[in-house]
Amino acid sequence: MVRNPAPQKCDILVAGGAYVGLVTAIAIKTGAPHLSVVVVDGAPDGRWKNDPRASAIAAAPANMLNTLGCWQDVLPDAQPITEMVITDSRVSDPVRPVFLTFEGEVKPGEPFAHMVENRVLNASLHRKAEELGIPFIPGVSAERFATHNESISVHLSNGKEYEARLLLAADGARSRLRDQAGIKTVKWDYDQSGIVCTVSHEKPHGGRADEHFLPSGPFAILPLKGNRSSLVWTERTADAERLVRSDDFVFEAELEQRFGHRLGAIRVEGPRQAFPLGLTLVREYVKPRFALIGDAAHRMHPIAGQGLNLGFRDAAAIAEVIVETDRLGLDIGSLAALERYQSWRRFDTVQMGVTTDILTRLFSNDNAAIRTIRDFGLGLVDRMPRLKSYFIKQAAGIAGDTPKLLQGQAL
């Protein structure tokens, strides 16, 4: 008779090794070095090294990354966003009037966001996790789990089993673990997809980001190091699929119509990808010995550029709750401890979800009356410095009840 091997033990198992899962593991291990943290990730080994995408890292998550010792490696390759310009027009309009501008600093010398290539940030996070001795197991996903009084058993796709005190699910928007936990969601699809690609251009961008509100959805131009920019181009799903499949000549011709000529001639670099867009909000963040973080807890339209930054806020909050609970000698997997995390994050997430949903519906149409109202509103905000300052702080993630790490304080 063949016996199953005894389960391996750890304090915390993180299922999902992308940004949010890795940052959470690093934050917990930094604040409580004696806790054993293991990260499993379903993606093949090293796939993150070839990720061609880039992400906007707001000021508060940058504070956290700096406090955790990860930002120093990233900063030389990070592009500060020094200005944000918003227009509202049709693709065929010869002129795109500017309705709203934001200066890109939350305070002198501190931009409200940086653009960072994914491979650069991933490399820094992996280096830090290795330095802290956090096991990272690629190509292996958490398949199922069973909760007990003092532990949670997690069965992996490689046949092994872990016995932990807490399972953190960072396994993405289609979280299998969320479904197994019986956590209900509120979700809908926008029938839009976001085309993501990188372009090089003839002239320097000067750190300026542009967001053009077009009838099919927002078209964002986000500056990268050098004469390069990252694009998030929203189209109706059928059109997005057609564009991604089209040849380079057709794609670049359509792109040039939306990009404009401010930065001279443009050329697409690397692959282009399309991702379906929708809204997903969970009804619960936690169960006994189980918590959701990142996209497993929320998925939003990129219109406000807050999806990843919300995940970083989850990471900062759950790490603070775990570390403080452990210091008090209490059970880090108890529902009483985890409910503090849930109450901390749920209102912020729902508020951002409602905001992005309203903005998406307001700006992804060509109704003349709605266009007049929204353009008047944008112009009004542009003439109100205090309101603009409030929006910048919200975008930077430094408003409200902010976890310590996001303020640049160690746990």
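Which one of the conditions (1) under 21 Å from the mean Cα position of the chain (by Cα); (2) more than 20 Å from Ala113 (Cα to Cα); (3) among the basic types (Lys, Arg) does Arg383 fail to meet, given that it meets all the rest?
Condition not satisfied by Arg383: (1).
Just checking, which of Pro94, Pro52 is within 28 Å of Thr24 (Cβ to Cβ), modelled with pLDDT under 85 and either part of a loop (DSSP other than H, G, I, E, B) or within 20 Å of the chain's Cα centre (by Cα) (or both)?
Answer to the selection: Pro52.
Of all the residues that make up segment 3-33, how many are among the basic types (Lys, Arg) and in a helix (DSSP H, G or I)?
The first filter runs over segment 3-33 and keeps only residues among the basic types (Lys, Arg), leaving 3, 9, 29.
Then drop every residue that is not in a helix (DSSP H, G or I), which leaves 29.
Selection size over segment 3-33: 1.
Test each condition in (1) surrounded by fewer than 17 Cβ atoms within 10 Å (Cβ to Cβ); (2) not in a helix (DSSP H, G or I) for Ile398 and report the one that comes out false.
Result: Ile398 passes all but (1).
What is the number of the single condition among (1) assigned to a helix (DSSP H, G or I); (2) in contact (Cβ under 8 Å) with a residue 60 or more places away in the chain that Leu310 does not meet?
(2)
Of the residues Ala274, Ala317, only one is closer than 24 Å to Thr356 by Cβ, in contact (Cβ under 8 Å) with a residue 60 or more places away in the chain and in a helix (DSSP H, G or I); which?
When all the criteria are applied, what remains is Ala317.
As an exercise: evaluate Thr349 against (1) within 30 Å of Lys29 (Cβ to Cβ); (2) in a helix (DSSP H, G or I); (3) among the β-branched types (Val, Ile, Thr); (4) over 23 Å from the mean Cα position of the chain (by Cα) and give the number of the one condition it does not meet.
Unmet for Thr349, out of (1) within 30 Å of Lys29 (Cβ to Cβ); (2) in a helix (DSSP H, G or I); (3) among the β-branched types (Val, Ile, Thr); (4) over 23 Å from the mean Cα position of the chain (by Cα): (4).
The values are calculated or read from the model by the stated rules, or taken from the named source; none is laboratory data. The model shown is predicted, which means the values in this text are computed figures rather than measured ones. All Cβ positions, even for glycine, are placed from backbone atoms using ideal geometry, and neighbour counts span all protein chains on display.
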